[in-house]
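A.B. asks: A single structure is presented below for examination.
The values are calculated or read from the model by the stated rules, or taken from the named source; none is laboratory data. As the structure is a prediction and not an experimental result, all values here were calculated from the model. In this analysis, Cβ positions are derived from the backbone assuming ideal geometry, glycine residues included, and neighbour counts consider all displayed protein chains. Please note that ligands, DNA and RNA were not included when accessible areas were found on the heavy atoms of the full protein model with its side chains. Shrake-Rupley method; radii C 1.70, N 1.55, O 1.52, S 1.80 Å.
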Amino acid sequence: MTQRLRQGAPRAAAWLVLTLLLWLALKDIPWGTLEAALDRARPSWLAASVLLNLTILPLGAIMWRFLLPQEPPVKLRTLLWTQALTSTISTAAPFPSGHLAGVYILAKRGAVGYETAISLRTLDQVVEAAAKVLLVAVALALIPLPRSLQLVALGAIAGFLGLATAVGIWAGAARYLHSLARRRGDRTARVLRLLAAISASLRAERRRGALAGATAMAVLRKAAEGAAIWCAASALEAQVPTAGILLALAAVNLATLAPLTPASLGVYEAAAFGAYQLVGVSPATALTLAVVQHAAYLVALLGPGWFLPSKLFLKSDPSHSRPPRWSTGAA
């Protein structure tokens, strides 16, 4: 009995923390607007919108499968669980809580080691940024935008190029970081050896075409998100041109790069509303659609992680024997 209580208490605490995060994320939803919209919405299209958003999680797990080194192998189920849980935390909690949780869970549950988990999350950000930049570039090429928005889009593209360059330099810096570590004091040397270990993991052997496959999964995630927005518009029988869907998708992805509010409430709606206004959608329809499409997104991205068994926090995948660790040895 005591053993069960000892094992159950951390799980209950983890579930309570997730529940608190969900409450904080959802308490400021404009429930009146949402309820009025749902009363006249077509349920089948709303369900399709939620289901399309749900596909973001398995596509993300496959993307991680591409980005992980071939050894040690990690089960796809473990990656899917981690995607779901980190999605809940990333969406509901302040930045960068989800990234830190993902590193911890991958290292502990997947038993890949912290350096591999950090390298995966780093590559994940590069690939996700590549998909977002592609989306922004397509919107920029196809839709006439005000000069101020063109500058924002070009800034996003420049930011991606800077990120990709920095990660590329880091991936090739393992030997240099080790040589620096040998000339420094204990604490600094430990940090440098950790950075060198992550650098080595960034250039570890992966499946053939790993980056291309991961980027394809990231693009499919954006396509699913766009299709979900189209379904939300269909549920409301809103007349939104394809350019408006594309522009709204690009706008919300840029506006929510670093969440400023729980679940990006207000920020997301403002970005979508502005995009719809640019393509001539009426203010009332634009606002209602922004609220409904965000609700469908939140149901899909917050819900699964809330139902996860909290044992993810407590023990490694039994298929792996190596415990998570900071690898700071020589490359």
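A.B. asks: Do you know which residues across the stretch 128-154 are without any contact (Cβ under 8 Å) to a residue 40 or more places away in the chain and among the charged types (D, E, K, R)?
C.D. replies: Arg147, the sole residue that qualifies.
A.B. asks: All but one of (1) charged (D, E, K, R); (2) more than 21 Å from the chain's Cα centre (by Cα); (3) modelled with pLDDT of 70 or more hold for Lys75; state the number of the condition that does not hold.
C.D. replies: (2)
A.B. asks: Still on this structure, please answer the following. Looking at Ala137, Ala111, which one is out of contact with any helix residue (DSSP H, G or I) (no Cβ under 6 Å at 6 or more places or on another chain) and on the phi > 0 side of the Ramachandran plot?
C.D. replies: Ala111
A.B. asks: Looking at Ala107, Ala189, Ala141, Ala156 in this structure, which one is open to solvent by 30 Å² or more (accessible area, probe 1.4 Å) and assigned to a helix (DSSP H, G or I)?
C.D. replies: Ala141
A.B. asks: Could you identify the single residue in Ser119, Ser49, Ser90 that is of a type in the set (S, T, N, Q), touching a Cys at 6+ places or on another chain (Cβ under 8 Å) and more than 19 Å from Ala216 (Cβ to Cβ)?
C.D. replies: Of the residues listed, the single one that is of a type in the set (S, T, N, Q), touching a Cys at 6+ places or on another chain (Cβ under 8 Å) and more than 19 Å from Ala216 (Cβ to Cβ) is Ser49.
A.B. asks: Also: Mind telling me which of the residues Val167, Val252, Val219, Val240 ends up being over 30 Å from Pro72 (Cβ atoms) and part of a helix (DSSP H, G or I)?
C.D. replies: Of Val167, Val252, Val219, Val240, the one residue that is over 30 Å from Pro72 (Cβ atoms) and part of a helix (DSSP H, G or I) is Val252.
A.B. asks: A further question on this structure: In the stretch 233-290, which residues are closer than 17 Å to Pro30 by Cα and among the charged types (D, E, K, R)?
C.D. replies: Glu269
A.B. asks: When the stretch 222-254 is examined, which residues are found to be open to solvent by 30 Å² or more (accessible area, probe 1.4 Å) and among the charged types (D, E, K, R)?
C.D. replies: The answer is Glu237, and nothing else.
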